[in-house]
């Protein structure tokens, strides 16, 4: 028996199980999206509800994004530094996050009523659009200056390799939320999902979210089948 092939087959089968559960998770989220009721927060209700809500972002105070310098109610940004690592094929770029930060200010969605997003409910997952995505090789760029490997003669000769990314929600933009909401001191507040609840605020429309879930679920399912078949084949061959 070829032990290496046998172990590889087992690992592929384990990997196929991971793909399968990822597919199940996407399908479960798609089911929650389909079953969720559109929330009308103009009605007097009490308690905790799970549903979906579409609206325009409004904020009394605004933030400024670090890279694109745009007004925002929530942003997330990070900077990666790439280093060339020698290998058998020449070299591979190894990426390391050297700076990462996010911030938000209380804001609300205005649609069929108002839905608040702040720390009272714990922020749901935020899927914001990209507002900055740039590869930086200019040594004089102020974004990367604090993270350059050296300031001497050799440091100036080396070409830096950085990748800066930023996402943010802007005031006035449209957003779609699915998840739990709860009445807090007379205000409807979005809460983070509990257990396996799907909870997200996204810049995508409901139809786009549904299509993405369906596509991702199918891809994970196909990968699960392929990995399982390859694992079984590797185990069979290992005995020959």
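Coordinate-derived values only; no laboratory data. Keep in mind that what you see is a predicted model, and the values were worked out from it rather than measured. Virtual Cβ from ideal backbone geometry, glycine too; neighbours counted across all protein chains shown.
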Förster radius 22 Å - calculated FRET efficiency between residue 119 and residue 62, Cβ distance, rounded to 0.05: 0.80
Overall Cα dimensions of segment 3-238 - principal axes, largest extent first, Å: 66, 59, 25
Using a 7 Å offset from the Cα along the Cα-to-Cβ direction at both residue 10 and residue 98, what is the distance between the two label points in nm, to one decimal? 4.3 nm
Please give the length that would be gained between residue 138 and residue 89 if that part of the chain were fully extended, namely 0.36 nm times their separation in residues minus their C-alpha to C-alpha distance (nm, one decimal). 14.9 nm
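If a/c stays under 1.5 just call it rounded; otherwise compare a/b with b/c (prolate if a/b is bigger, oblate if not). Do that for segment 90-203, with a ≥ b ≥ c from the square roots of the Cα gyration tensor eigenvalues. Write out the running numbers ahead of the final one.
On the way: a/c = 3.31, a/b = 2.81, b/c = 1.18.
It comes out prolate by the Cα gyration axes.
Over segment 1-152, what is the mean sequence separation of C-alpha contacts under 8 Å (at least six apart), divided by residue count, expressed as relative contact order in percent?
On the way: 147 pairs, mean separation 28.3, N = 152.
Computed value for segment 1-152: 19 percent relative contact order.
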Using a Förster radius of 22 Å, what is the FRET efficiency between residue 173 and residue 33 based on their Cβ-Cβ separation? Nearest 0.05, please. 0.60
Using a basic spin-label model with each label point 7 Å from the Cα along Cα→Cβ, how many nm lie between residue 184 and residue 215? 3.4 nm
Please sort 224-231, 181-188, 95-102 by packing, taking for each peptide the average over its residues of neighbouring beta carbons within 10 angstrom, highest first. 224-231, 181-188, 95-102
So if I average 1/r over every pair of distinct C-alpha atoms in segment 1-133 and take the inverse, what Kirkwood radius in Å does that give? 19.9 Å
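Pull out a ≥ b ≥ c, the square roots of the eigenvalues of the alpha-carbon gyration tensor of segment 136-240, then state rounded if a/c is under 1.5, prolate if not and a/b is larger than b/c, and oblate in the remaining case.
oblate
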Would segment 1-78 count as rounded, prolate or oblate if I go by the C-alpha gyration tensor, calling it rounded below 1.5 in a/c and otherwise prolate when a/b exceeds b/c, oblate otherwise? oblate
So which residue, out of 123, 145, 213, gets the largest mean-square fluctuation from a GNM of the chain using Cα contacts under 10 Å as springs? 145
GNM, the chain, Cα, under 10 Å: largest mean-square fluctuation among 180, 171, 66? 66
